[in-house]
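K.L.:
My questions will all concern the structure given below.
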Amino acid sequence: MGKILSLLVGGIVLVAGLILLVSWWFEFLFLLRASVPVLMLLGGAIAILAGVSEYKDTLKSKSEKK
């Protein structure tokens with residue numbers, strides 16, 4: 001009974017999500033446009049932190065070789 005119920009609820013939620021996506025299409029696009037710059041900022045910050053960490057590791061390994 002649990003498997004059938006989960007399939008039924010999943011189907012209902014899927015259809016409701018599709019209906020809401022169609023009816024709120026412009027709001028969805030607005031949210032998507034607003035999230036792209038934020039994701040780019042976070043991605044850039046992560047890339048900078050990874051580069052700084054790699055640079056520190058390189059300096060540390062060079063100092064250990066001496």
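K.L.:
Where the convex hull is taken over the Cα atoms of the chain, what is its projected area averaged over directions, in nm²?
P.N.:
Details: hull surface 34.1 nm².
For the Cα atoms of the chain, the hull's average projected area reads 8.5 nm².
K.L.:
Please determine, in degrees from 0 to 90 and to the nearest 10, the orientation of helix 25-65 with respect to the longest principal axis defined by the Cα atoms of the chain, where the helix direction is its Cα long axis.
P.N.:
In the chain, helix 25-65 runs at an angle near 20 degrees to the longest axis.
K.L.:
So how much slack lies between Thr58 and Ala34, counting 0.36 nm per residue of separation and subtracting their Cα-Cα distance, in nm?
P.N.:
Fully extending the segment from Thr58 to Ala34 adds 4.9 nm.
K.L.:
Also, I was wondering about something else. So what is the 222 nm mean residue ellipticity for the chain from helices alone, if each DSSP H run of at least 4 adds -39500 (n - 2.57) and you divide by all residues, rounding to the nearest 500 deg cm²/dmol? Could you put the intermediate results ahead of the total?
P.N.:
On the way: 2 runs with 63 residues, N = 66.
Dividing the helical sum by the residues of the chain leaves -34500 deg cm²/dmol.
K.L.:
For the chain, find the longest principal axis of its Cα atoms and tell me its angle to the long axis of helix 2-23, 0 to 90°, nearest 10.
P.N.:
Between the helix axis and the principal axis of the chain, the angle is about 80 degrees.
K.L.:
Continuing with this model, one more query. Need the full-extension length gain, Lys3 to Phe26, defined as separation in residues times 0.36 nm minus the C-alpha distance. One decimal, nm. Let's see the in-between values first.
P.N.:
Details: separation 23, 0.36 × 23 = 8.28 nm, distance 3.54 nm.
Extending this stretch completely gives an extra 4.7 nm.
K.L.:
Mind listing which chymotrypsin sites (Phe, Trp or Tyr not before Pro) in the chain are in a DSSP loop and have 14 or fewer other Cβ atoms within 10 Å?
P.N.:
Working: sites: Trp24, Trp25, Phe26, Phe28, Phe30, Tyr55; in loops: Trp24.
Taking the chain and a limit of 14 other Cβ atoms within 10 Å, the loop chymotrypsin sites (Phe, Trp or Tyr not before Pro) found are Trp24.
Any read-out appearing in this document is the output of simple, stated calculations on the displayed coordinates, not a laboratory observation. Because the structure is predicted, anything quoted here is derived from the model rather than measured. So basically every Cβ, Gly included, is an ideal-geometry build from the backbone, and we count neighbours across all protein chains shown.
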